[in-house]
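Read-outs throughout are calculated quantities, based only on the coordinates presented, and are distinct from any laboratory measurement. Since the model is a prediction, treat every value here as computed from it, not as a measurement. With ideal geometry, Cβ positions are generated from the backbone for all residues, glycine too; neighbour counts draw on all protein chains shown.
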Amino acid sequence: MNQAPNRLEILRTLRFANLDGAFATAFISLLSGTFMVGFVRMLHGADIWIGLLAAIPSLTGVFQAPGAVLGRRFASYKGYVMPGGLAWRALYLPIIILPLVGLATDVRLGLACGLIALASAAVMMVGPTYNEWLAEMVPADSRGVFFSRRNAILIATGALAALVGAVVLDLFRGAGLEAQGFSVVFGLGLACAGLSMGYYFKMFDLSRAEVRRTDFGQGVRELAAPLADRNFRRVLIFLAAFFVGQMFAGNLFSAFALETLRLPYTTIQGLSVLQAAGIVLAATAWGRLTDRHGTRPMLALSAAGIGLSPLLWLACRPGHDAANIAILAVGHLLIGLVWSGVGVCQFNILLATSPAKERATYLAAGFTVQTLLAGIAPILGAWMLTSMRGATSVEWAYKSVFLVTMAMRLSAVLLLVPVREEGSASIRSTARELLSKPGQTLRKTRAEKNEEPDDNPQIPA
């Protein structure tokens, strides 16, 4: 049994957790998203492969529920999480050589899907326990600030890593070595995975306060408890709808940029850096506002903003590169300001509406619903794109998907209205205060935070 960590050990562990998460995000940024879209396009793969590669990590979210049950049987958080984290990283190793081997397109993409499915299942098994571990170390009234900063760090690191990868890939493409470029980029991702694991090993373990050594079947049955909680059920319904809206277009924004707008990888990832800059700039403000007003109203406002984000892509036209880049550059910076709020609030709403003793179970239920539906959504989006290609131009085939995405996201916000969060302000009063006096509200929130007694450990950035 590990001794309870002291304040210094908690601070160090949270810093190492942020570094672990940052390099893990860099790793996965270089082996997913735009790079996987480009890999499919290089091989002349069908649209459905883009949807599948975006969907698989989410579909494996079904493993979070049994993973949470197994995790409660272990006293050590770190000991349980470690094997899944190692397997997640190791299973991506063979993907480095896939761009170079002389196999058929469908065989190579099928192997990529299989390896990613196994890797994702491994990390999903331990994900809820890892998040529970972090939540145990962060005081409840500081979670908004901590997780907003953590989210900003992870996204910024991922965006910068992807930008480096894009520059490398464009250099190789310019030399007529696109396949080798993908292999090098994937290799850089695995190097980041190794650094991530190194910081994980430095984290201080915690001993679970209550180990539940019930049989596995009983544990699985206990997972139904969150579904019996009426308020949490409303949270799940909102998150399900919102994640479908988030993921319906999946990687098709990147595919549209590559296929229709003909933007280079460096430009596309440069837009991601601008979005990350917006996230970083707004992270502390969203965290403080969430701690002051509550998660529910801030999630409603940020989700509504994200609902409008497809308008940027709808405004772009092929052959108008200067205008497209200007629209997307300004838009991605603004989107980042809003995504910063979504990133912290959609996780904190689970923490805010779940009982402390059952948190791992509630988190598992929430993540399972989110990821399962988020996995189905990009497949449906890819299917819609394929169907629309025969009915309209390629440009409007994509834009039809974007219009549906926008409608889904905005509709999902209405499902937050019946959710109840103890101590939170109403959505209407929060919106009125923020829209009428935004500067004054931020200054007041900052002053209130600075006046709080220092009873809790300082949360590291």
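Amide H contacts under 5 Å for Leu206: Tyr77, Lys78, restricted to partners 5 or more places along the chain or on a different chain, H placed in the peptide plane at 1.01 Å from N. Label positions at Ala425 and Arg15, each projected 7 Å from the Cα along the C-beta direction, are separated by 3.4 nm. Proximity of backbone amide H atoms, modeled 1.01 Å from N, is registered between Val419 and no other residue at under 5 Å, excluding neighbours fewer than 5 places apart on the same chain. Listed values for the range 88-104 are Karplus-derived 3J(HN,Hα) couplings in whole Hz (6.51 cos²θ - 1.76 cosθ + 1.60, θ = phi - 60°), namely 4, 6, 5, 5, 7, 3, x, 5, 4, 8, 4, x, 9, 6, x, 9, 4, and x replaces Gly and Pro. What FRET efficiency, computed as 1/(1 + (r/R0)^6) with R0 = 35 Å and r the Cβ-Cβ distance, is obtained for Val167 and Trp396, rounded to the nearest 0.05? About 0.65, to the nearest 0.05.
When GluC sites (Glu not before Pro) are flagged only if DSSP places them in a loop and at most 16 other Cβ atoms lie within 10 Å, the longest unflagged stretch of the chain comes out as 211-421. Taking the helices alone, the chain has a mean residue ellipticity at 222 nm of -25000 deg cm²/dmol, built from -39,500 (n - 2.57) per DSSP H run of at least 4 residues and averaged over all its residues.
Only lysine pairs 8 or more places apart, or on different chains, with alpha-carbon atoms under 30 angstrom apart are counted in the chain, and they number 5. Between Asp106 and Phe201, the distance separating the two model label sites (each 7 Å from Cα on the Cα→Cβ line) works out to 4.3 nm. For Arg233 and Leu86, the difference between the fully extended length at 0.36 nm per residue and the C-alpha to C-alpha distance is 49.6 nm.
Amide hydrogen proximity for Leu308: with H placed 1.01 Å from N in the peptide plane, no residue at 5 or more positions away or on another chain lies under 5 Å.
Taking other Cβ atoms within 10 Å as a rough exposure proxy, Leu163, Leu271, Leu30 sort from fewest to most as Leu163, Leu271, Leu30. Evaluating 6.51 cos²θ - 1.76 cosθ + 1.60 at θ = phi - 60° for every residue in the range 289-305, the Karplus couplings come out as 5, 5, 5, 7, 9, x, 6, 4, x, 6, 5, 4, 5, 5, 5, 5, x Hz, glycine and proline recorded as x. Which residues does the label zone of Cys113 cover in the range 46-81, counting backbone N under 19 Å from a point 7 Å along Cα→Cβ? In the range 46-81, the label zone of Cys113 (backbone N under 19 Å from the point 7 Å along Cα→Cβ) covers 46-63. Taking the Cα centre of each part, how many Å lie between the range 384-414 and the range 266-325? Each part reduced to its Cα centre gives a spacing of 19 Å. Counting 0.36 nm for each residue step from Leu410 to Ala225 and taking away their Cα separation leaves a gain of 63.7 nm.
Between the range 351-373 and the range 75-104, the C-alpha centres lie 25 angstrom from each other.
Here, the range 46-155 yields an orientationally averaged convex hull projection of 8.5 nm² when only Cα atoms define the hull. Per residue, the Cα convex hull of the chain amounts to 139 Å³.
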